[in-house]
Amino acid sequence: MKTNTKYILSGLVALLAAGAAMAAGADLGNTTKQATNWTAIAMFGAFVGFTLYITKWAAGKTKTAADFYTAGGGITGFQNGLAIAGDYMSAASFLGISGLVFANGFDGLIFSIGWLVGWPIITFLMAERLRNLGKFTFADVAAYRFAQTPVRSFAATGSLVVVAFYMIAQMVGAGQLIKVLFGLEYTYAVIMVGIIMMMYVLFGGMTATTWVQIIKAVMLLTGATFMAVSVLLQFGFSPEALFAKAVEVHSKHDAIMSPGALIKDPISAISVGMALMFGTAGLPHILMRFFTVPSAKEARKSVAWATTWIGYFYILTFIIGFGAIVNLVQNPGDFYVGGEIAKGLKGGGNMAAVHLSKAVGGDLFLGFISAVAFATILAVVAGLTLSGASAVSHDLYATVFKKGQATSEDELRVSKITTICLGILAVVLGILFEKENVAYMVMLAFAIACSANFPVLFMSVLWKNCTTRGATVGGFVGLIAAVALTVMSANVWEAVLGNPKGSAPFPYSSPAIFSMSLAFFTIWLVSILDNSEQAKKERALFPDQLIRSETGLGASTASSH
Amino acid sequence: MSQHTDSYAQIRNNPKFQSLIAKRNSYAFIMTALMMIVYYGYILLIAFNKEWLATKMGAGMVTSIGIPMGLGVIVFTIIITVIYVRRANTEFDAEAAQVLKEAGK
């Protein structure tokens with residue numbers, strides 16, 4: 001206990017600092033504040049203390065821009081696979097999917113499959129080409145043989161827009177979660193996440209961010225495994241027995257064993273599926289992870305490990321959701337508002353996994369899972385900030401404004417300034433959006449990633465006739481179409497803008513099938529109509545680009561330390 | 001790029017390079033198509049035939065066919081990724097290394 005005291009204290013100091021900075025924090029958000037959970041706070045404090053210690057170690061290794069962006073390219077495939085899994089297993093996928101299984105059974109499974117199927121696509125089409133052509137950001141790859149200014153400006157815009165929407169959803173999630181997990185105020189969470197995340201990125205760059213992800217991924221996988229095994233143990237490791245009990249006690253009974261209302265019309269189903277499948281291959285904070293490994297071989301190993309861990313994790317969340325059904329419904333007094341099932345779970349439907357942790361592991365394990373859930377948000381936000389900072393410093397500052405003449409020191413300085421700006425922006429947006437409905441934002445980020453970033457990346461690498469003009473125009477068309485159609489869909493038009501139900505002009509759940517096709521079509525059309533001298537030069541460069549992307553000849557290697 | 005020009009020309013004209021990218025691209029294409037068939041097939045099955053997915057695994061059981069199928073899609077996703085990576089990391093990488101070696105790299 002003695003050694004823990006230091007960590008608990010450091011955690012408390014961080015909390016108090018956040019509290020002093022924002023004393024007036026009364027709120028009436030979407031979640032209800034619960035009693036202060038000191039075990040969870042202490043464990044989270046320990047996590048922060050330990051990761052800040054790692055950040056201090058990483059800071060000593062972060063001297064150049066390459067160290068900051070890619071940890072010097074010295075991460076192994078196994079480590080990077082865990083870090084990618086860490087980036088991807090957000091609090092939304094842990095609490096949200098298990099909550100969905102808890103509420104609807106089968107439908108939760110459909111969602112988790114959708115989140116996973118993008119990984120083979122990245123593996124087959126992108127991983128080694130990204131590693132062979134790129135250096136720091138996915139714009140390096142997209143702009144490889146093109147005019148730097150327009151393509152980089154597009155790629156930086158695409159990155160920053162995706163990062164912004166993803167980030168707002170995470171910050172608001174952090175604020176809502178802290179009320180139920182720790183019993184603290186919304187604004188504490190937002191400010192605390194902002195400060196700690198800035199410390200990771202600012203001082204430790206990619207090295208610290210990667211290790212924070214790895215630690216978090218291991219904690220999350222361990223905790224989820226413990227919960228799933230505990231649940232299966234109750235039923236002698238027979239899924240049939242678990243499902244039978246769940247069907248017996250769940251208010252929807254046998255309906256939880258079959259697909260329900262999640263998939264309404266086939267077009268929405270395919271469109272959401274495309275956003276998830278191809279959006280994953282366009283997320284800037286995921287793509288930049290491919291530059292942290294030394295070779296294409298390690299890049300492929302990273303995705304194989306990442307896919308394995310993420311797939312395993314989704315199987316666990318399914319078991320956890322069913323475990324929550326059988327454990328929570330039978331003890332309404334402990335887990336439901338006023339002890340009545342009709343009034344819903346304490347803290348809301350997303351708390352199923354958290355309550356289950358108490359049911360199977362007591363208060364100590366509840367504290368652990370709560371701390372892990374919150375640490376998850378912190379780590380994801382750090383990854384997002386790093387990719388946003390790289391887009392600004394490497395793509396906009398060093399390439400567009402300085403025309404490639406910036407020194408490593410200058411680039412590093414700009415990254416750090418951007419990190420601070422993004423940190424402050426994240427806190428401000430988190431507070432501004434507290435009472436807004438942000439449920440659509442993660443899906444919007446995926447829609448933009450699959451309609452803007454992915455088509456440009458895909459066509460520039462794989463289609464020899466693609467030109468600067470085609471990539472830039474097509475990319476922006478995809479981006480605008482994804483945003484416009486999302487605004488016109490029920491999720492924003494009715495749920496956010498308050499128009500009457502049924503009035504949304506765009507009838508489907510996701511724009512991907514239209515906006516992504518439109519982007520590919522525009523890139524194709526504008527490219528074939530492009531007969532400029534520049535376009536001829538760019539097409540002539542394709543064979544050399546192909547050799548590098550396929551063999552790794554001339555690919556950037558790990559920086560030496 | 002200039003000091004590499006010779007090796008680039010040599011690689012471009014090496015039939016082994018041409019056959020490597022043809023083989024790898026068709027393999028990647030088949031694997032992508034397989035993944036899309038499995039995933040969108042499952043989604044369309046849910047959209048068009050919910051009743052069939054709700055069929056029980058056996059008499060007196062509660063587990064429906066859709067659940068092992070769904071978990072099967074997850075396991076398939078992992079396996080297909082690992083299979084591709086193993087082949088790429090051994091066979092394709094060895095051939096790429098050979099092509100580079102013949103170009104004096």
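The values are calculated or read from the model by the stated rules, or taken from the named source; none is laboratory data. Predicted, not measured: the structure shown is a model, and the values here were computed from it. Neighbour counts are summed over all protein chains in view; Cβ atoms, including those assigned to glycine, are modelled from backbone coordinates with ideal geometry.
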Any hit, the stretch A:190-208, residues being within 14 Å of chain B (Cβ to nearest Cβ) and in a helix (DSSP H, G or I): no
Just need a number here: residues in the stretch A:103-149 that are within 14 Å of chain B (Cβ to nearest Cβ), within 30 Å of B:Ile46 (Cα to Cα) and in contact with a Gly (Cβ under 9 Å, 6 or more places away or on another chain). 15
A:Ala275 versus (1) surrounded by 24 or more Cβ atoms within 10 Å (Cβ to Cβ); (2) within 14 Å of chain B (Cβ to nearest Cβ); (3) out of contact with any Ser or Thr (no Cβ under 6 Å at 6 or more places or on another chain): which is the lone unmet condition? (3)
Looking only at residues in the stretch A:342-355 that are over 11 Å from A:Leu95 (Cα atoms) and assigned to a helix (DSSP H, G or I), which one is nearest to the chain's Cα centre (by Cα)? A:Lys343
Please enumerate the residues belonging to the stretch B:49-60 that are more than 7 Å from chain A (Cβ to nearest Cβ) and assigned to a helix (DSSP H, G or I). B:Glu51, B:Trp52
Looking at (1) surrounded by fewer than 19 Cβ atoms within 10 Å (Cβ to Cβ); (2) under 27 Å from A:Val193 (Cα atoms), find the lone condition where A:Ala445 falls short. (1)
For the stretch A:279-293, check the following and say yes or no: at least one residue is more than 23 Å from A:Val380 (Cβ to Cβ) and in contact (Cβ under 8 Å) with a residue 60 or more places away in the chain. no
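Yes or no, residue by residue, for (1) among the polar types (S, T, N, Q); (2) over 30 Å from A:Val141 (Cβ atoms):
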{"position": "A:Glu240", "(1), (2)": "no, yes"}
{"position": "A:His253", "(1), (2)": "no, yes"}
{"position": "A:Ser271", "(1), (2)": "yes, no"}
{"position": "A:Gly279", "(1), (2)": "no, no"}
{"position": "A:Leu287", "(1), (2)": "no, no"}
Can you tell me which of A:Ala371, A:Ala382 is aliphatic (A, V, I, L, M), away from chain B (no Cβ under 14 Å) and either more than 22 Å from A:Asn80 (Cα to Cα) or surrounded by fewer than 21 Cβ atoms within 10 Å (Cβ to Cβ) (or both)? A:Ala371
Residue count, the stretch A:287-309 (criterion: in a helix (DSSP H, G or I), surrounded by fewer than 24 Cβ atoms within 10 Å (Cβ to Cβ) and either out of contact with any Gly (no Cβ under 6 Å at 6 or more places or on another chain) or of a type in the set (Gly, Ala, Ser) (or both)): 3
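Based on this model, can you work out whether A:Asp254 counts as within 9 Å of another protein chain (Cβ to nearest Cβ) and without any contact (Cβ under 8 Å) to a residue 40 or more places away in the chain?
Numbers: within 9 Å of another protein chain (Cβ to nearest Cβ): yes; without any contact (Cβ under 8 Å) to a residue 40 or more places away in the chain: yes.
The answer is yes for A:Asp254.
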Which residues, taken from the stretch B:88-103, are under 19 Å from B:Gln10 (Cβ atoms), within 10 Å of another protein chain (Cβ to nearest Cβ) and among the aliphatic types (A, V, I, L, M)? B:Ala96, B:Ala97, B:Val99, B:Leu100, B:Ala103
Take the residues in the stretch B:61-87 that are at the interface with another protein chain (Cβ under 7 Å from one of its Cβ atoms) and in a loop (DSSP other than H, G, I, E, B); name whichever of them is nearest to A:Ser112 (Cα to Cα). B:Thr63
If you go through the stretch B:34-48 one residue at a time, do you hit one that is more than 8 Å from chain A (Cβ to nearest Cβ), over 29 Å from A:Ala296 (Cα atoms) and free of Cβ contacts under 8 Å to residues at least 60 places away in the same chain? yes
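Among the residues of the stretch B:14-26, write down those that are at the interface with another protein chain (Cβ under 8 Å from one of its Cβ atoms) and not hydrophobic (A, V, I, L, M, F, W, C).
Step one: filter the stretch B:14-26 for residues at the interface with another protein chain (Cβ under 8 Å from one of its Cβ atoms), giving B:17, B:20-21, B:24.
Residue satisfying the conditions is B:Arg24 alone.
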Kindly list, by first and then second residue, each pair from a residue in the stretch A:339-368 that is of a type in the set (D, E, K, R) to a residue that is at pLDDT 90 or above, limited to pairs with Cβ atoms under 8 Å and residues at least 6 apart or on different chains. A:Lys346/A:His355; A:Lys358/A:Phe365; A:Lys358/A:Leu366
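For B:Tyr8, indicate whether it is at the interface with chain A (Cβ under 7 Å from one of its Cβ atoms), buried (at least 16 other Cβ atoms within 10 Å of the Cβ) and either at pLDDT below 95 or more than 27 Å from A:Ala299 (Cβ to Cβ) (or both). Lay out the reasoning, then the answer.
Working: at the interface with chain A (Cβ under 7 Å from one of its Cβ atoms): yes; buried (at least 16 other Cβ atoms within 10 Å of the Cβ): yes; either at pLDDT below 95 or more than 27 Å from A:Ala299 (Cβ to Cβ) (or both): yes.
When the stated conditions are applied, B:Tyr8 passes them.
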Which residues, counting only those in the stretch B:11-32, are without any contact (Cβ under 8 Å) to a residue 24 or more places away in the chain, more than 22 Å from A:Thr123 (Cβ to Cβ) and surrounded by 14 or more Cβ atoms within 10 Å (Cβ to Cβ)? B:Arg12
